[in-house]
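This report concerns only the one structure given below.
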């Protein structure tokens, strides 16, 4: 943003007035009007503070009673107010900031300017000695900042509005995935479609762990795979938890990678590793990942085995790795740090593959540096097996023709949306499988396939 600001054809004063106008407009909406309302603006010495001062002038003209408080000389407690505008520090702030408290016995609304003061604009982390004001809303300029979506920032920012102040952000390489973007990318299935055109081969499971494989199969089937095959290396065809629509085939206990590579050309995607177990030769994993000419989703035990294989040549952007934090550490040789986006980018570049790092905010990095951020997830997904469902969903979207990087982001977005349709407590992974079609149906715009989105009528027929 510093570079974008510097490249702007308009002067700083013009940009400040635009930002002040956007802030004042957001304040009016938050208050439901301004006449007679009490507003306190906490303003720092930089441009963030200047944005707040510009907003204060406009709010006064609109009939509000406005007091501007110097952030560096602020009292421990603010005077009574209906709204506090936090314009103390912006995205470039470093150090500690303890915000003044609202007047005793009051609970004013809080509007943050660009980002809640004290939140790191890159990581979303709040320092140990900082105590920011939690905002009800944030008005940010030109583009979202990572710190509004990650770590503490996501919970402190409130409802975030992006205000256009005339800056050129077309060079941004990080994007937040939305319902609208997912709906636009989810192409209708052609009228002459057939099951093999979007077939997914799930190579997963082991003794006592067929449930993980079954959940991956369910995720693939419910996300639109036309045909799902399950093969458990060395496990025969015994997979009692798999959906009845899933076809089971036999793979040997060793040397199975050659069979998968040879047979993969008949499929549109391969999902590898859910509940596979760790007794397999890591070379089997690298053989499948590097040998298949179709998208390969690598999850669960296959990620650990891939890490054990040692340094491997670049895998290719058709490969999607879906690690949780522990698996990420094994693959990268270091744990995820505060700058989650930078760390995921680095691993994607080093492995030459797409990396989907699961978490409260999911980060999907392409090896060329592009990043998708997904915020639809919640603590409802913090239960065993939901990651297996996600792997199957990624495989199905790849099989439906979505490029793997985007397929990974779309699957993560729908995964979180599906969980939001379930119970706040007690949602389990098998419930999630059955909520996927409803999450797809709830997307805006035209339906992705024949028929309309939405719930059936009481008669069970689509009206």
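Consider a paramagnetic label point 7 Å from the Cα of residue 98 along Cα→Cβ; state which residues of the stretch 76-90 have an amide N under 13 Å from it.
76-77
Measure nothing but the geometry: give the 0 to 90° angle between the long axis through the Cα atoms of 386-399 and the longest principal axis through the Cα atoms of the chain, rounded to 10°.
The answer is roughly 80 degrees.
Ranked from highest to lowest mean number of other Cβ atoms within 10 Å per residue, what is the order of the peptides 303-313, 244-254?
Ranking, from highest mean packing down: 303-313, 244-254.
Given bins 10 angstrom wide, list per bin the percent of all Cα-Cα distances in the stretch 142-279, short to long.
Going from the shortest bin to the longest, the percentages are 10, 29, 20, 20, 16, 4, 0.
How much of the DSSP bridge set in the stretch 2-169 is antiparallel, in percent, rounded to the nearest 5?
Counting DSSP beta bridges with both partners in the stretch 2-169, the antiparallel share is about 5 percent.
Rounded to the nearest 0.05, what FRET efficiency do residue 168 and residue 434 give with R0 = 51 Å and r taken as the Cβ-Cβ distance? Could you check?
For R0 = 51 Å, the calculated efficiency reads 0.70.
Using a basic spin-label model with each label point 7 Å from the Cα along Cα→Cβ, how many nm lie between residue 279 and residue 107?
Each label point lies 7 Å from its Cα, and together they span 5.7 nm.
At what distance in angstrom do the alpha carbon centres of the stretch 23-38 and the stretch 49-100 lie from each other?
14
Where Rh is the Kirkwood radius over the Cα pairs of the stretch 345-422, the temperature 37 °C and the viscosity 0.692 mPa s, what D in µm²/s does Stokes-Einstein return?
Diffusion coefficient, whole number: 262 µm²/s.
Label residue 309 and residue 250 with points 7 Å out from Cα along Cα→Cβ: what is the distance between them in nm?
It works out to 2.7 nm between the two label points.
In Å, what Kirkwood hydrodynamic radius results for the stretch 11-63 from the alpha-carbon pair distances?
11.0
Rg and Dmax of the stretch 235-281, using alpha carbons, in Å: what are they?
Rg, Dmax (Cα atoms, Å): 11.6, 30.
Can you tell me the length gained on complete extension of the stretch residue 384 to residue 136, counting 0.36 nm per residue apart and subtracting the Cα distance?
This chain segment gains 86.0 nm when fully extended.
Set the Förster radius R0 to 41 Å, insert the Cβ-Cβ distance between residue 420 and residue 128 as r into 1/(1 + (r/R0)^6), and round the FRET efficiency to 0.05.
The computed FRET efficiency comes out at 0.80.
Sort 21-34, 269-282, 404-417 for me by packing, meaning the mean count of neighbouring Cβ atoms within 10 Å per residue, highest on top.
Put in order of decreasing packing, that is 404-417, 269-282, 21-34.
Along its three principal axes, how long is the stretch 179-441 when you only count alpha carbons? Whole Å, largest extent first please.
Rounded to whole Å, the extents work out to 42, 41, 37 Å.
In bins 10 Å wide, starting from 0, what share of all Cα pairs of the chain does each bin hold, as a percent?
Going out from 0 Å in 10 Å bins, the chain shows 4, 20, 25, 21, 16, 10, 4, 0 percent.
Going highest first, how would you order 129-135, 54-60 by mean Cβ packing within 10 Å?
54-60, 129-135
Per residue of the chain, what 222 nm ellipticity follows from adding -39500 (n - 2.57) for every DSSP H run with n ≥ 4, rounded to the nearest 500?
-10500 deg cm²/dmol
Taking 8 Å as the Cα distance limit and 6 or more residues as the minimum spacing, I'd like the relative contact order of the chain as a percentage.
Value for the chain: 11 percent.
Nearest 10 degrees is fine. How inclined is helix 210-222 to the longest principal axis of the chain, computing both from alpha carbons?
So the inclination is approximately 70 degrees.
Rounded to two decimals, what is the ratio between the C-alpha radius of gyration of the stretch 2-169 and 2.2 N^0.38 Å?
Cα Rg divided by the expected 2.2 N^0.38 Å: 0.94.
Does anyone have the angle between helix 282-291 and the longest principal axis of the chain? Alpha-carbon axes, 0 to 90°, nearest 10?
80
For the stretch 125-202 and the stretch 253-276, compute the distance between their C-alpha centroids and round to whole Å.
Comparing the Cα centres of the stretch 125-202 and the stretch 253-276, I get a distance of 33 Å.
Bear in mind that the values in this text are calculations on the coordinates, not laboratory data. Treat the numbers as computed from the prediction; the structure is a model and nothing was measured. Neighbour counts are summed over all protein chains in view; Cβ atoms, including those assigned to glycine, are modelled from backbone coordinates with ideal geometry.
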